[in-house]
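The values are calculated or read from the model by the stated rules, or taken from the named source; none is laboratory data. Predicted model only: the values in this text are computed from it and were never measured. So basically every Cβ, Gly included, is an ideal-geometry build from the backbone, and we count neighbours across all protein chains shown. Ligands, DNA and RNA are stripped out before the accessible areas are found, and what is left, the full protein with its side chains, is counted by its heavy atoms. Shrake-Rupley method; radii C 1.70, N 1.55, O 1.52, S 1.80 Å.
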Amino acid sequence: MHDINWRLLALSAVLAVTAIFQMGYTNAYPNTAIGSFRLFMNESAEESMTMSKSEFEWAWSAMLAVYFIGFATGSIISASIADRIGRKWTLFLGTCGSLLSAIIALFAIILKMSMMFGFSRLVMSLSAAISMNGLILLFQVSSESSPTHMKGLISFNAEMAFVVTNLIGGLFGMQAILGQNLVGLIAVSIIPSSIACFLSAFLKESPKYLFLKKNDATEAGRALKFYQNIKDEEEKLNVLNDLKLEREEMQNQRTGSIFDIMSNQPVRRGFLLGFATMQLTASVWPVIFYSTDFLMEAGFSYDLSESVSTGMLFLSTLSTIAGMFIVEKFSRKWLLVGTAIVNVLAILGFAMSAILSEYWSPIAYGCIVCLILHGASYSVAMGPIAWFITSELVPINFRATSQSLVLGLNHTVALILAFLTFPLYKTIGPVTLVIFFVIPGAVCILMLILYLPETKDKHINEIVEQLKNSKARIKQSRVEENEESYGMNKLG
């Protein structure tokens, strides 16, 4: 039984909360403060006007969807940034951009300029992607800085930070707190972003990056002491020898371009499985953005809808805490698949409850139950695992590119879905959720059941071998099933 490095856990947790604060906070407060933003959008028009309901729905969807353009772009460019300047400085660059975005947003509200506010969201999302990728690569995957036995635990920090900052954003956006004071609502976010900039500047670079990419054993040894508190020279040499073996294996592999990912069978499978897993998380964005409005459409009052949306974020936070304790106790694959099934069924349940409530109003309370179940199943395992599973499935020389491409593609799809969901929900109803999230989610779950290897406590070489033999395992399983069926028929 390995001891937990509490210093490393605390450092990664604080950095996670402050570095991606903008990502969670600024995507949650529009949900509960939607009334104030409707007023802001009308007041910021060149001529005094009041948008129609339909005009606001499309304009507000576009304003929120800007996030996905920036995040997809940031995810794609962050791979080359992380490999060029390192994981630490990638994180620092992203946190500085987040701070800048908060300042731009603040001035946009003061000056009543909606286009400027949209630009601030673009800067925020671009920076959030760079910060997130730097954070994941530095702390949360394949022991770049963290010991293997803490990989799953630390990997929950980013998800914990996301749901906590969602909760803070949802709470502060309520009318009773800062929902009617947009200047104060946005000014709050400057504080954690400033802390993140300061902290990230004093980090050490990832030991693996220093040894494998920069060939600097001395600095790698110092980084191991900083992150893992390894003071014993023999233990340090053992870690460096393992890294040396990994570097020798890397020298026999390609450099990790997009073409190399697609042409290398196990890496391609790891990449596609990572993308399928991330697509399961796409439904979280309409929930974060529009759950208050969805509940109002089901017949609930604004106050109750606002309270339920915030309560859902609180329960999601508790679920993430629970997930931190179970992630290293159960199979990574089946924990992911199980919570994904519950998550997709919750979306289906929400849609069915909303549709049937038109014929029997009490069934609308099923929407509240399903909304909470959706948030809990996402936070307890599916969401956190989805963010880092790609990096567990591919070798280090493919890792940054694969991680960035998965996040970039995922947010490109999310851009389309988030932009269309709100206005189409108003037009054709809750069946929109079934078309956009339930059917594709079921396909992704089937892929994971058939092809995803177990990654918990596995070395990357073992995972790659499993990916190579995934089809062979399925064929062998079918042969065994046929033989068993034939034997039973013969006995019959």
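Points to keep in mind about this one:
- Which listed residue is open to solvent by 20 Å² or more (accessible area, probe 1.4 Å), in the same structural domain as LEU433 (by the TED database) and of a type in the set (Gly, Ala, Ser), from SER291, SER331: SER331
- One residue stands out among those in the range 77-134 that are closer than 30 Å to PHE398 by Cβ and basic (Lys, Arg): the one that is modelled with the highest pLDDT, which is LYS88.
- Matching residues in the range 294-345 - criterion: being of a type in the set (D, E, K, R) and farther than 22 Å from ALA158 by Cβ: GLU297, ASP303, GLU306
- Tally, over the range 195-209, of residues that are in contact with a helix residue (DSSP H, G or I) (Cβ under 6 Å, 6 or more places away or on another chain) and either surrounded by fewer than 16 Cβ atoms within 10 Å (Cβ to Cβ) or free of Cβ contacts under 8 Å to residues at least 60 places away in the same chain (or both): 1
- Close pairs from the range 341-359: first crowded, with 23+ Cβ neighbours inside 10 Å, partner at pLDDT below 95 and of a type in the set (Gly, Ala, Ser), Cβ under 6 Å, at least 6 apart: ASN343/SER377; ILE347/SER283; ALA354/ALA298
- Residue match in the range 294-307 (condition: within 23 Å of the chain's Cα centre (by Cα), in a helix (DSSP H, G or I) and under 30 Å from LEU405 (Cα atoms)): no
- Test result for PHE40, open to solvent by 50 Å² or more (accessible area, probe 1.4 Å), in a helix (DSSP H, G or I) and not basic (Lys, Arg): no
- VAL443 falls short on exactly one of the conditions (1) at pLDDT below 90; (2) out of contact with any Gly (no Cβ under 7 Å at 6 or more places or on another chain), and that condition is (1).
- Test: residue in the range 52-61 that is small (Gly, Ala, Ser) and modelled with pLDDT of 90 or more: no
- Taken together, the criteria place VAL66 among residues that are more than 30 Å from GLU205 (Cβ to Cβ), within 26 Å of the chain's Cα centre (by Cα), of a type in the set (Val, Ile, Thr) and in a helix (DSSP H, G or I).
- Filter result for ALA28 (open to solvent by less than 10 Å² (accessible area, probe 1.4 Å) and under 18 Å from the mean Cα position of the chain (by Cα)): yes
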